[in-house]
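Enquirer: Input: one structure, supplied below.
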Amino acid sequence: MLNLGSYPGKKAPAIRLIPTRTDRVLELIAVLLWLAACVLILIPFFRGEVSDPMQWIFFILISTGLFALCFWMGYLPIRLINFPVPVHEGNVGYQYLYATRFGRVLNIILQLYAVSSAFSLANDYYQIPMNTIHLLFLGTTGLFVLSMVVYYIIAFRHR
């Protein structure tokens, strides 16, 4: 369930949106970031430069699980989404489109966190200064806040 507000989509008219080119590009970016995070972890893992292999395997499993869950959010049925505004026949298309697109953007942001975490976990191998990794985390958090603000502004504009 995608909980973006207090208005359930259960009473909304059933619609089906076909993902647009923009949605496919967002999904492609998320896939590439997920692959980058996995590769960043697997390179030191297969070179034998890890101290605790279970931690690295756990990272890949969690990253893959979050990727799959957020990928699925882009295809949620409307009845599983709670919207920030009441949904009716006049705005159901906009609200559903923006909610699913926000799910895709959220997937990109989570994969940016995964890339940042991969750099942090494999810091001994990549020798990236921790200040740079912290800035990457901070920038990703800023993107998350910005995407939430933009989503809610657009959602309230199309009430």
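The values are calculated or read from the model by the stated rules, or taken from the named source; none is laboratory data. The structure displayed is predicted, hence computed values, not measured ones. A quick note on method: Cβ atoms are made from the backbone with ideal geometry, for glycine too, and the neighbour counts reach across all protein chains shown. In case anyone asks, the SASA skips ligands and DNA or RNA and just uses the protein heavy atoms, side chains included. Shrake-Rupley method; radii C 1.70, N 1.55, O 1.52, S 1.80 Å.
Enquirer: Identify the residues of region 73-89 with backbone N under 14 Å of a label point that sits 7 angstrom from the Cα of residue 157 along the Cα-to-Cβ direction, or state none.
Expert: Of the residues in region 73-89, none has backbone N under 14 Å from the label point off residue 157.
Enquirer: Right, something else. What is the extension gain from residue 57 to residue 18, computed as 0.36 nm multiplied by their sequence separation minus the C-alpha to C-alpha distance, in nm to one decimal?
Expert: Roughly 10.5 nm would be gained on extension.
Enquirer: Another one. May I ask you to evaluate 6.51 cos²θ - 1.76 cosθ + 1.60, the Karplus curve with θ = phi - 60°, for each residue of region 80-96 and list the ³J(HN,Hα) values in order in whole Hz, giving x for glycine and proline?
Expert: After applying 6.51 cos²θ - 1.76 cosθ + 1.60, I find 9, 10, 9, 9, x, 10, x, 9, 9, 4, x, 10, 4, x, 4, 5, 5 Hz.
Enquirer: Net charge near residue 83, counting Lys/Arg +1 and Asp/Glu -1 over other residues with Cβ under 13 Å of its Cβ?
Expert: Computed value for this residue: +4.
Enquirer: Taking a 1.4 Å probe, which of 4, 112 shows the most accessible area, and what order do the others take after it?
Expert: The ranking, largest first, comes out as 112, 4.
Enquirer: Given the protein chains as shown and a 1.4 Å probe, how many square angstrom of residue 2 are accessible, to the nearest 10?
Expert: In the full protein context, residue 2 sits at about 10 Å².
Enquirer: Related question: Which log10 I(q)/I(0) values, to two decimals, does the chain give at q = 0.17, 0.18 Å⁻¹ under the Debye formula with one point per Cα?
Expert: After summing over all Cα pairs, the log10 values are -0.96, -1.03.
Enquirer: Below 13 angstrom from the Cβ of residue 73, what's the summed charge of the other residues (Lys, Arg +1; Asp, Glu -1)?
Expert: Net local charge, residue 73 excluded: 0.
Enquirer: When the solvent-accessible surface of protein heavy atoms is calculated with a 1.4 angstrom probe, in what order do 124, 23, 52 fall, highest first?
Expert: So, going from the largest accessible area down, we get 124, 52, 23.
Enquirer: Where the accessible area of the chain is counted over protein heavy atoms with a 1.4 Å probe, how much of it, in %, is carbon and sulfur?
Expert: 68 percent
Enquirer: So, one more: Determine ³J(HN,Hα), in whole Hz, for all residues of region 128-144 in sequence, where each value follows from phi through the Karplus function 6.51 cos²θ - 1.76 cosθ + 1.60 and θ = phi - 60°; x replaces Gly and Pro.
Expert: For region 128-144, the Karplus-derived couplings read 8, x, 4, 4, 5, 5, 5, 5, 5, 4, 5, x, 5, 5, x, 5, 5 Hz, x marking Gly and Pro.
Enquirer: Let me ask something additional. For residue 1 and residue 76 in the same chain, what is the full-extension length gain: residue separation times 0.36 nm, less their Cα-Cα distance, in nm?
Expert: Full extension of this stretch gives 26.2 nm more.
Enquirer: Could you check the spin-label model distance between residue 134 and residue 89? Points 7 Å from the Cα along Cα→Cβ, value in nm.
Expert: With each label point 7 Å from Cα toward Cβ, the separation is 5.7 nm.
Enquirer: Suppose we take every Cα in region 1-73 and form the convex hull; what volume per residue is that in Å³?
Expert: Taking only Cα atoms, region 1-73 has a hull volume of 113 Å³ per residue.
Enquirer: Keeping every protein chain present and rolling a 1.4 Å probe, give me the accessible area per residue for the chain in Å².
Expert: The answer is 58 Å² per residue.
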